[in-house]
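Taken together, the values in this text are just the output of simple stated rules run on the coordinates, not laboratory data. Predicted model only: the values in this text are computed from it and were never measured. Heads up, the Cβs are rebuilt from the backbone with ideal geometry, glycines too, and the neighbour counts pull from every protein chain shown.
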Amino acid sequence: MAAITVLGIAQDGGRPQPGCQRPCCQDLSAADYRSPVSLGIKTENGTTILIEATRDLGRQLITFGESSIDHLFLTHAHLGHVDGLGLFGRETMSARGIPLHSSPSMQNLIKSTPAWALLLEQGVFDLAEIGHVEIDDVVIESIAIPHRAELSDMHAFVIRGKEHSVLFLPDHDSWDQTLSAHNASSIRKWLNDLDITHALLDGTFWSGDELQGRDMSVVPHPTIQGSLARLGQKQNGDPEIFFTHLNHTNPAHQQGSAEYQNIVQLGWRVSVEGEMFIL
């Protein structure tokens, strides 16, 4: 049976984030290190699928227990989701003919970015579509999501297996925009409409005052605090919800924090690297 492995739960900069002098990134042990958000999927036939290409690809392949990838999917073009593309090239993995599934917008960016276009010319990647992709016993469906589109548009993925379906939504601007785009009155209604059993949701920030000295409106994300206010206590029939894509400043990284405990007490969870979901 197919399975998903969580390969990273951090926002694009990872944890610790380069240049951070705040307590959140000081005196961290190796056990506190977190990779940028990514998923690995292995079908019942052994086909390997990676969602997002991060700079921590080597570490993440070890977590995945695989040395190669058969398919690569990208949600969008922001740094931490794509800055590992070059690692598939001649200087490192020397991969050949990997289908790279992304939106037309993302494909145009790949073709117009010299370092990435070279990977196409060298046969490392073959551009492939998203939408409804069947790979062995796994179906991956894409969902257009409102998110900063300076470089490309954004798509979430629903990963469906024989028994379970998982929504992967690491980034979006706000619940109001996302729910409006999909004609849903609430998070619970939208997730029910998607017919999923698990959801990995954007948990970038805990609160709206987390980035001291910075205008958080330039990096819009729904806060976990706001998502919990909409969701309330977990109810019978709700999917399992895991918050992911945590910024280095997010106190939910720490299991002993009041913020982490608030999530758990309401019946939800924070995603964990290495965790597996049977599909």
Restrict the search to segment 135-222; then list the GluC sites (Glu not before Pro) that DSSP places in a loop and that have at most 16 other Cβ atoms within 10 Å of their Cβ.
-> E150, E163
Three-way shape call for segment 113-264 based on the alpha-carbon gyration tensor, with the a/c threshold at 1.5 | oblate
Sequence-distant lysines (8 or more away, or on other chains) whose Cα lies within less than 19 Å of K234 | K189
Alpha-carbon Rg/Rh ratio, for segment 140-214, with Rh computed the Kirkwood way = 1.01
List the lysines whose alpha-carbon lies under 20 Å from that of K42, not counting same-chain residues fewer than 8 positions away?
-> K162
Cβ-placed point charges (K, R +1; D, E -1), dipole of segment 214-279 about Cα centre in debye, nearest 20 = 160 debye
Would you calculate a helix-derived [θ] at 222 nm for the chain, using -39,500 (n - 2.57) for each DSSP H run of n ≥ 4 and dividing by the full residue count, to the nearest 500?
-> -5500 deg cm²/dmol
Which GluC sites (Glu not before Pro) in segment 1-89 pass both tests, a DSSP loop state and at most 15 other beta-carbon atoms within 10 Å?
-> E44
Filter the GluC sites (Glu not before Pro) in segment 86-130 to those in DSSP coil with at most 14 other Cβ atoms within 10 Å of their Cβ, and list the result.
-> E91, E129
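Based on DSSP, what percent of beta bridges with both residues in segment 3-278 are antiparallel, to the nearest 5?
Restricted to segment 3-278, the bridges split so that about 55 percent are antiparallel.
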When only Cα pairs under 8 Å and 6 or more residues apart are kept, what is the percent relative contact order across segment 28-100?
-> 29 percent
Express the relative contact order of the chain as a whole percentage, based on alpha carbon pairs under 8 Å and six or more residues apart in sequence.
-> 20 percent
